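> First the structure, which I've put down as structure tokens, then a few questions once you've had a look.
Laboratory data are not the source of any read-out in this text; all were calculated from the coordinates shown. Just so it is clear, the model here is predicted, and its values are computed rather than measured. In this analysis, Cβ positions are derived from the backbone assuming ideal geometry, glycine residues included, and neighbour counts consider all displayed protein chains.
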Amino acid sequence: MEIRHLRLVKSIVEEGSITKAIDKLHLTQSALSHQLKEAEEQLGTKIFHRINKKLILTKAGEKLYETAIDVLHKLADTKSQIKNLVYGEHGEIRISTECYTSYYWLPGLIREFQVKYPNVELRILMEGFNKPVEKLLDGKLDVIVTIERLTEDHVEYRELFQDEIVAIVPDTHPWAEKKYVNPEDFRDQHLIIHSMPMNSVAVHQYFLEPAGVTPKKVSVLPFTEAAVQMVNADMGIVAMARWILKPYLKTPSIRTVKLGKNGLKRMHYVGFLKNRERPNYFDSFIEFMQREINIT
């Protein structure tokens, strides 16, 4: 009995007809009939009863079908394991983030990981930007990066890093000599933000909204360099992560100001589903993120 005979029997049963089995196995009618006859001759008994143009398994056929399922599954699993040993693990991780600042470091991290795991595809899904936890629970994402740790029993969170949101102003601005500002100080300011909606903007979500404060004017400018130039020209203020602004802080005419006496700090987390069987490369990716992210 050969593997091709097991595949033949399994295909006929699962496809439900000779015609569909022929298409799946890419055989001609005569070749399929010849293989089936060979298998029955080797067993010394019929595998199928032919009733009203249908093939119904005999008792011997039922036993052979069970064996075919078991053997073919083990064979596929063995091939996969050997392939992993030779070429490394194969797979895919779908990842998204609710915080746009993650896109400053995430692509570079992915490139580094794929040097070690070239056969694991890491896909950044932009459509997961809104409600990433919901998409994680729906099975549309495998990993999320978030600054909000929800009390969701099915999601496990691990800390990645902490950063600080600061305001930048020109050296001629009234805030320039202040050690810190309070939410009320924003009421007469023009705030430049990276993107909408407002509830995705850290300074609004964690600093202004809890105090019931709305800036005099809000503008959206998705390019950091352009936003910094607006600040330098005294055309508004920007509140952003200090590590993102670091390259621009060498400009002597720009000052940073803390938000609140203790500063506005936030923790970034990586989240994934609990109690789910995962391939080894998945856990390696989570550990790689925790180990390799260096935000200063």
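> On C-alpha positions alone, give me the angle between the axis of helix 29-43 and the longest principal axis of the chain, in degrees, nearest 10.
The angle comes out near 70 degrees.
> How much length, in nm to one decimal, is gained on full extension between residue 287 and residue 235, taken as 0.36 nm per residue of separation minus their Cα-Cα distance? Walk me through the numbers before you get to the answer.
Details: separation 52, 0.36 × 52 = 18.72 nm, distance 4.28 nm.
My answer for the length gained is 14.4 nm.
> Also: In the range 249-284, which residues have a backbone nitrogen under 20 Å from the label point lying 7 Å from residue 123's Cα in the Cα-to-Cβ direction?
271-273, 277-284
> Here's another thing I want to ask about it. What do the square roots of 5 times the Cα gyration tensor eigenvalues come to for the chain, in whole Å, largest first, as semi-axes of the equivalent ellipsoid? Walk me through the intermediate numbers first.
Numbers: eigenvalues 799, 67, 51 Å².
The answer is 63, 18, 16 Å, longest axis first.
> Rounding to the nearest 10 and keeping the result within 0 to 90°, find how far the Cα-based axis of helix 3-15 lies from the longest principal axis of the chain.
Approximately 70 degrees, to the nearest 10.
> Further question: Once the piece of chain linking residue 26 and residue 137 is laid out straight, how much longer is it, given 0.36 nm per residue of separation minus the C-alpha distance between them?
Numbers: separation 111, 0.36 × 111 = 39.96 nm, distance 3.94 nm.
36.0 nm is the gain from fully extending residue 26 to residue 137.
> Any idea what the dipole of the chain comes to, in debye rounded to 20, about its Cα centre with Lys/Arg Cβ at +1 and Asp/Glu Cβ at -1? Don't jump to the answer; show the numbers that get you there.
Working: 41 positive and 39 negative charges, 82 e Å.
About 400 debye.
> Around residue 284, with a cut-off of 12 angstrom between Cβ atoms, what is the net charge of the other residues, counting Lys and Arg +1 and Asp and Glu -1? Before the final figure, lay out the partial values.
Working: positive: 116, 278, 291; negative: 89, 283, 287, 292.
In short, -1.
> Please identify the GluC sites (Glu not before Pro) of the range 242-296 that satisfy two criteria: DSSP loop assignment and at most 12 other Cβ atoms within 10 Å. Which are they? The partial results should precede the final answer.
Numbers: sites: 277, 287, 292; in loops: 277.
Here the sparse-neighbourhood loop sites are 277.
> Quick check on the range 188-296: what are the equivalent-ellipsoid semi-axes from the Cα gyration tensor, as sqrt(5λ), descending, whole Å? Spell out each step's value before the answer.
On the way: eigenvalues 213, 65, 34 Å².
In descending order the semi-axes read 33, 18, 13 Å.
> Here's something else I'd like to know. How charged is the neighbourhood of residue 21? Take every other residue with its Cβ under 10 Å from the Cβ of residue 21, and add Lys/Arg as +1 and Asp/Glu as -1. Write down the numbers at each step before the final one.
Working: positive: 7, 10, 20, 24; negative: 14, 15, 23.
So the environment of residue 21 carries a net charge of +1.
> Moving to a separate point now. Using a Förster distance of 51 Å, how high is the FRET efficiency between residue 178 and residue 273, based on the Cβ-Cβ distance and rounded to 0.05?
Numbers: r = 45 Å, r/R0 = 0.88.
Computed FRET efficiency for residue 178 and residue 273: 0.70.
> OK, next. Pull out the extension gain between residue 53 and residue 82, defined as 0.36 nm times the separation in residues minus the alpha carbon to alpha carbon distance; nm, one decimal. Could you put the intermediate results ahead of the total?
On the way: separation 29, 0.36 × 29 = 10.44 nm, distance 4.18 nm.
So the chain would gain 6.3 nm between residue 53 and residue 82.
> Here's something else I'd like to know. If you take every residue apart from residue 35 with its C-beta less than 14 Å away from the C-beta of residue 35, what net charge results, scoring Lys and Arg +1 and Asp and Glu -1? Walk me through the numbers before you get to the answer.
Details: positive: 4, 7, 10, 24, 37; negative: 2, 38, 40, 41.
Neighbourhood net charge equals +1.
> May I ask which residue of 139, 99, 150 lies farthest towards the positive end of the charge dipole of the range 65-192, with charges of +1 (Lys, Arg) and -1 (Asp, Glu) on Cβ and the Cα centre as origin?
139
> Can you put 43, 122 in order, fewest other beta carbons within 10 Å first? It would help to have the intermediate numbers written out before the result.
On the way: 43 16, 122 21.
Result, fewest neighbours first: 43, 122.
> May I pose another question? Where in the chain lies the longest segment free of trypsin sites (Lys or Arg not before Pro) that are both loop residues by DSSP (not H, G, I, E, B) and have at most 15 other Cβ atoms within 10 Å? Display every interim value, and only then the final one.
Values: sites that count: 46, 53, 140, 149, 178, 179, 187, 216, 250, 261, 274, 276.
With trypsin sites (Lys or Arg not before Pro) excluded where exposed in loops, the chain gives 54-139 as its longest stretch.
> Between the range 108-161 and the range 46-80, how far is it from one alpha carbon centroid to the other, in angstrom?
41
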